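Enquirer: Below is one structure. I have some questions about it.
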Amino acid sequence: MNKIALITGATSGIGMATALKIAETGFDVIITGRRQDRLQELAEAIRKKGRDVLPLCFDVRNAQETEAAIGKLEGKWREISVLVNNAGLAVGVAPIQDGILDDWERMIDTNIKGLLYMTRAVAPLMIVRNSGHIVNLASIAGKEVYPGGNVYCATKHAVDALSRAMRTDMLKHHIKVTNIAPGMVETEFSLVRYKGDQAAADHVYQGMTPLTNDDIADTIVFAITRPAHVCLNDIVIMPTDQANSRDVNRN
Ligand code: NDP
Ligand code: 8X3
């Protein structure tokens, strides 16, 4: 029987590329997100690769929806061996004194609470099988801070801390926890951050070569295909054109 991986936020960017690459590796996949049409399109693409796929449409900010979606899993779909906690977003770049409460709440509720709800729902399915791998999408924003990054950086610092904390809780259950901390990756991330302003989003990557979805998906596939006794704890992956959150080499 093929192994099962669950990827949150598979309707775009890193999550979509990861779902496709994990499927190519031989896993059957559970894909999640809020956009039903995109989940269906991705499910078709995965089926064409000869893999089984289960799309689940829900909002990770909603604890009840999250618990119900995982609680309803049947048969082989309960045997999740890899959970990729990828769903997340930045909203806005305002300095702290001008922060918009709704932006803050969306980031905190998705990036921290959503990741917690998913992990709480899925980890018991791994614990009964005494094995598994949780991959958390943190960020370079979880290692450093930058102007206007305030709450987004705080949520990713929380993910970084949770990865370390989860690793201690999961230790006796033989469950690996990998923290992935990318720099700039060109996805819909900046379009979401700038609330649909395409010119502002394009400006982020102007004159430099960012990472791609596939760069991160390849890294995740590498991490989850190491031998049972090997865990990659923390991976910082940057574009060659970016030294840290603030130093970017542009033409
Ligand atoms: P995208 O905007 O392209 O994708 C984000 C995904 O998250 C979408 O599939 C979206 O699906 C999902 N999502 C957002 N909110 C929710 C929610 N409430 N419930 C369920 N799903 C949700 O961005 P990326 O692929 O770039 O981002 C993926 C992760 O990588 C994020 O955690 C981000 O913080 C992190 N990251 C990104 C970097 C970058 O530069 N791009 C760098 C470092 C980390 P839908 O809207 O359908 O719900
Ligand atoms: C996304 C990377 O540098 O925009 O997490 O915060 S950054």
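Enquirer: Let me confirm something: among 83, 101, 20, which residue is out of contact with any helix residue (DSSP H, G or I) (no Cβ under 6 Å at 6 or more places or on another chain), surrounded by 18 or more Cβ atoms within 10 Å (Cβ to Cβ) and at pLDDT 95 or above?
Expert: Of 83, 101, 20, the one residue that is out of contact with any helix residue (DSSP H, G or I) (no Cβ under 6 Å at 6 or more places or on another chain), surrounded by 18 or more Cβ atoms within 10 Å (Cβ to Cβ) and at pLDDT 95 or above is 20.
Enquirer: List pairs: first residue in segment 143-156 and within 14 Å of residue 193 (Cα to Cα), second residue more than 10 Å from ligand 2 (Cβ to nearest atom) anywhere in the structure, Cβ distance under 6 angstrom, at least six positions apart or on different chains.
Expert: 150/96; 151/104; 151/107; 152/107
Enquirer: Let me ask something else. Which condition number in (1) closer than 22 Å to residue 16 by Cα; (2) buried (at least 20 other Cβ atoms within 10 Å of the Cβ) is the one that residue 106 fails?
Expert: Just one mismatch for residue 106, condition (2).
Enquirer: Somewhere in segment 193-208, is a residue under 14 Å from residue 14 (Cβ atoms), within 11 Å of ligand 2 (Cβ to nearest atom), surrounded by 13 or more Cβ atoms within 10 Å (Cβ to Cβ) and modelled with pLDDT of 95 or more?
Expert: No, that holds for no residue.
Enquirer: Tell me which residues, restricted to segment 143-192, are of a type in the set (A, V, I, L, M, F, W, C) and either within 12 Å of ligand 2 (Cβ to nearest atom) or touching a Leu at 6+ places or on another chain (Cβ under 6 Å) (or both).
Expert: Within segment 143-192, 145, 151, 153, 154, 159, 180, 181, 184, 185, 189, 192 qualify.
Enquirer: While we're on this one: Sort through 176, 156 and tell me the only one that's within 10 Å of ligand 1 (Cβ to nearest atom) and among the basic types (Lys, Arg).
Expert: Going through 176, 156 in turn, just one is within 10 Å of ligand 1 (Cβ to nearest atom) and among the basic types (Lys, Arg): 156.
Enquirer: For segment 139-153: of the residues being over 16 Å from residue 97 (Cα atoms) and touching a Lys or Arg at 6+ places or on another chain (Cβ under 7 Å), which is nearest to ligand 1 (Cβ to nearest atom)?
Expert: Among residues in segment 139-153 that are over 16 Å from residue 97 (Cα atoms) and touching a Lys or Arg at 6+ places or on another chain (Cβ under 7 Å), the one nearest to ligand 1 (Cβ to nearest atom) is 139.
The values are calculated or read from the model by the stated rules, or taken from the named source; none is laboratory data. These numbers come from a predicted model, not from an experiment. Note: ideal-geometry Cβ built from the backbone for every residue, glycine included; neighbour counts use all protein chains shown.
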